[in-house]
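The values are calculated or read from the model by the stated rules, or taken from the named source; none is laboratory data. Quick caveat, the model's predicted, so the values are computed rather than measured. Here the Cβ is made from the backbone with ideal geometry for all residues, glycine too, and neighbour counts use every protein chain on show. In case anyone asks, the SASA skips ligands and DNA or RNA and just uses the protein heavy atoms, side chains included. Shrake-Rupley method; radii C 1.70, N 1.55, O 1.52, S 1.80 Å.
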Amino acid sequence: MKDWFRQIRSRLDERAMAEKAEELCKIEQGQTFRHYHQSIDWICREMKAAGLPNVEKLCFPADGTTVYEDKRMPLAWDASVGRLTLCDAEKTVAADYSVHPFHLIKGSTGTKPGGEVVRIITEQQYLAGEDPRGALVMLEPETPPRARVLTPILDQGARGLISDYLVGRYEHPDALQWVAACTEGSNWHIQSEDRDFIGFSVTLRMGARIRELAGKSSLKARIECDGRRYAGELPCATALIPGRRSEEVWLLAHTFEPLLDDDSNGVVAGIEIARQIMAMGTPEYSLRLIFTMELYGYAAFHANFKGKVIGGANLDSLPANRDSLCRLIPPISSVPFHGVDILREMASAFHDLLPCEWRKPECFDDMFLSDSTTAVPTVWFLQNPKPGNITLWHNSAQTEPGFLDPETFADYTALAAVWFRNVLFYTGKPAVLPKLELKPVSSPWRDYAAEQVYARAQTGLPQDLVRIPKDCRRPLPDGVIYGPMASILSGMDGKKDLARIILEAEADRQVTLTDAQIKKYIDAVNYLADWGYLTAVRRTELAPSVLADALRQAGVSGGDVLLVHSSLSKCGYVSGGARGLIEGVMAAVGKNGTALFPTFTRPYIYLGTSLNKGWNYRPYDPDDPRQVWTGTVPRALLEQFPEAVRSRHVTHSWAGLGPKAQTCVAAHGPADPPASEASPLGKALALGGKVVYIGSGLAPSTFLHYLETACGSAFLQPAVCRVKDPGGSLRTVLIEKHLPGHRDFYRPDAENCKFFVRAVQAGLHIAEVPFGMGRIQVIDLKDFYEVGMKLMKEDPRVLLCDDPDCLFCRKF
């Protein structure tokens, strides 16, 4: 192998390669589809100039709606103007696309001709309740401009955002971040579902100046942009070097990320590697080069490919300078490929010649094709900083001349070329998957998983969740491709049980999962099965009738009034999901019974003694069930049961079904103390109700706050909230006797907190029956109140913890 390395390395013109990488990077910096096509045309010319045969430019829809393997194609986007001018004394130009294209965030839409004057408010001002309608929000330096940020500010009518987020800020303080994936979901690019916005990326110094000016007084700016989204075409460049066999090996180096090492150098290296392979004669296997958009372009190409491919290599981010080493990353064990064994041999052979290291199997980025349904096991030659150096990611410093060290670039191009040479000319035995050493382990959720069998129902790993309505989508563990979730999905064949697949994933990735992690994976698997991504061949299901029987066994009777806390996922799979749980509860109480569920929201701008700093803040809007943070069951009640009635409280509303629901919620005013006598808590107590916990444990015992309010506890403090009126304007509401800070029962083992230990000793009966993987607990509210009030009078701190490091509880 080393001899081949030296031969190939001696034939590489490192200066010419570095210059070509800089030329391609310069084309792609414009980041529009116009530049995408220029890039692919340049690549096609270079491949032809290198003598590569079968060069083609392909195009796929870029309409924001076409889907390949659960990757929805981006909307085409073009822009030539993007300028942010502050209305300060100096008329400071804070961002200008013509000075550096990274100043304009990809996907930004146009302003009126001549521009628009808008307000700028800071992130702190936004989170403190300032009305963002029509404004740009200047984010804090450590806030990435992603869905977690973009979605709420657009929900509230903001025009867009300004970001000075920068990876490598201390080493390159005057650089710009290239902002990718500024979307409203898991999609990496703007799609038809994404709303219009305008965004700017500025330097750290400019960001600090904007925050300073906006903090002192009202700040305005003129924004100008001609950005437009449209249905266009996503280009792709490919070439094929035929071998003796038609089976192909793929060389992947994505385009359209405008950085020298991400991935202009990979494209140039790929063309040079193909040229070197041609000089060696006819290979055993055919070599196909594919240059296109990361993830989405490759999904489109794979979905339209009619031949046979046995594996490939990803050249994204080859080591670019002497501060880097090369990670040799194998794919997850899903499909046999002799290229994996060759990569392992290279790790051993080259460690004393080039800084490189063998890594654990992965499936992220363009390795996603390694999934069993797409069946292109893909290795990766990926740069990593040497110890003591920093990682740059999407930083404009990666576009500067001189960033790419020609010698290093050529060294690792030659290393990858050796791999391709050995893979393409291989005539040995067919590859087999490595035998994984499995050590069976027993735990509650592993034993549960052993009873579940699933099969894949579509090609490709779930990414954009296009089968699922937008409001029903939720983040999946590991973002699917960045951890064991990909291995678990890849292992599903409709025969192996889920426990075995998890063991295989752990052995392959050399990790050990906790029971809590396994529960999250099981929950995600059931979610995907419910939406058609998987087929449940065998699944343990809890029917609503089983829940009703368990509730009756725990003491629930027909005609009861219930306060219901639930954690759906902790019980296992409930047929019908959240709706099924609600139906089971209503079956238990019968037509004369009533069930109330907490539909709490977070419109706080000030709570206790703290100004809001969390992005979970939303001005209260009773028409938006997405604001409810107390779980999928209360949200489903509001969305799927039009007969449900809800109290008007701004932060601690309850919603319910049944003949007494209206009586319970009617008196609960918008700004009443959240746990007052007028609240549904007080009404349920007066009606002789019960509190029910389905899988949740006792931690969500909101009734304890009722006891605090009844006792006038010193730690109840005011809250200031924002409320959205029907016209969209915001108003401020003051709520007395609110519930800030920590409590001792805010813990997973709330049964062991001071209050419940003492309450049980004092005679409080907590009925308990098993339900699937969880349990149902029921407490009579009258007993709860009487025992609780006695304990509160004996020790006013009984609900506070004794941790000396807890500042809130220590204060009282």
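In table form, for the structure just shown:
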{"quantity": "Cross-link pairs beyond the 29 Å C-alpha cut-off, checked among 57/360; 48/360; 683/737; 360/470; 71/308; 308/360", "calculated": "57/360; 48/360; 360/470"}
{"quantity": "Entry for log10 I(q)/I(0) by the Debye sum over Cα atoms at q = 0.05, 0.09, 0.10 Å⁻¹ (calculated from the structure that is shown) out of (i) -0.48, -1.19, -1.26; (ii) -0.40, -1.18, -1.30; (iii) -0.32, -0.98, -1.15", "calculated": "(iii)"}
{"quantity": "At 1.002 mPa s and 20 °C, Stokes D of region 328-429 from Kirkwood alpha-carbon radius, µm² per second", "calculated": "140"}
{"quantity": "Neighbourhood charge, 12 Å Cβ-Cβ cut-off, centred on residue 385 and excluding it, Lys, Arg +1 and Asp, Glu -1", "calculated": "0"}
{"quantity": "With all protein chains modelled, accessible area of residue 567 [1.4 Å, Å²]", "calculated": "30"}
{"quantity": "For region 156-214, size of Cβ-based charge dipole, Lys and Arg +1, Asp and Glu -1, in debye", "calculated": "240"}
{"quantity": "Backbone N within region 392-417 under 20 Å of label point (7 Å from residue 386 Cα along the Cβ vector)", "calculated": "392-393, 398, 402-416"}
{"quantity": "Fraction of antiparallel bridges per DSSP, the chain only, in percent to nearest 5", "calculated": "65"}
{"quantity": "Interchain or long-range residues, amide H under 5 Å from residue 176's placed H", "calculated": "396, 397"}
{"quantity": "Whole-Hz ³J(HN,Hα) from phi, Karplus 6.51 cos²θ - 1.76 cosθ + 1.60, for region 684-693, glycine and proline x", "calculated": "5, 4, 5, 8, x, x, 9, 10, 10, 10"}
{"quantity": "Estimated distance in nm for a label pair at residue 443 and residue 541, the labels positioned 7 Å out from Cα along Cα-to-Cβ", "calculated": "2.8"}
{"quantity": "Distance (nanometres) between label positions extended 7 Å along Cα→Cβ at residue 279 and residue 305", "calculated": "2.7"}
{"quantity": "Crossing angle, helix 498-509 versus the chain [Cα axis fit, 0-90 degrees, rounded to tens]", "calculated": "50"}
{"quantity": "Rg in Å to one decimal, and Dmax rounded to a whole Å, for region 163-225 via C-alpha atoms", "calculated": "14.2, 39"}
{"quantity": "Length added when fully stretched, residue 662-residue 616, from 0.36 nm per residue minus Cα-Cα", "calculated": "13.6 nm"}
{"quantity": "Amide H contacts of residue 738 (H built 1.01 Å from N, under 5 Å, at least 5 apart or other chain)", "calculated": "717, 719"}
{"quantity": "Segment residue 48-residue 474, length gained on full extension (0.36 nm per residue, minus Cα span)", "calculated": "148.9 nm"}
{"quantity": "Whole-angstrom gap from region 625-681 to region 199-275, using each part's C-alpha centre", "calculated": "47"}
{"quantity": "Per-pair calculated FRET efficiency, R0 = 51 Å: residue 591 and residue 482 via Cβ, rounded to 0.05", "calculated": "0.55"}
{"quantity": "Longest exposed-site-free window of the chain, the sites being trypsin sites (Lys or Arg not before Pro) in a DSSP loop that have at most 10 other C-beta atoms within 10 Å", "calculated": "592-812"}
{"quantity": "Residues in region 71-90 that a label on residue 98 would reach, taking backbone N under 16 Å of a point 7 Å out along Cα→Cβ", "calculated": "79-86"}
{"quantity": "Accessible surface, per residue, of region 488-594 when the full set of protein chains is kept, probe 1.4 Å, Å²", "calculated": "38"}
{"quantity": "Taking the C-alpha atoms of region 377-427, convex hull volume expressed per residue in Å³", "calculated": "125"}
{"quantity": "Region 541-610: relative contact order in percent, alpha carbon pairs under 8 Å with at least 6 residues between", "calculated": "44"}
{"quantity": "Centre separation in Å (Cα based) which lies between region 143-184 and region 740-756", "calculated": "37"}
{"quantity": "C-alpha center-to-center spacing [region 779-812, region 723-737] in angstrom", "calculated": "31"}
{"quantity": "The chain: relative contact order in percent, alpha carbon pairs under 8 Å with at least 6 residues between", "calculated": "11"}
{"quantity": "On Cα atoms only, tilt of 515-530 relative to the major axis of the chain in degrees", "calculated": "80"}
{"quantity": "Estimated FRET transfer efficiency when R0 is 30 angstrom, pair residue 435-residue 455 (beta carbons, to 0.05)", "calculated": "0.80"}
{"quantity": "Those aspartates and glutamates that a straight Cα-Cα span of less than 17 Å connects to residue 439, excepting residues fewer than 8 apart in one chain", "calculated": "447, 497, 504, 506, 508, 515"}
{"quantity": "Within the chain, longest stretch clear of exposed GluC sites (Glu not before Pro) (DSSP loop, no more than 11 other Cβ within 10 Å)", "calculated": "143-436"}
{"quantity": "Under 5 Å, built H, 5+ apart or other chain: amide partners of residue 94", "calculated": "84, 85, 86"}
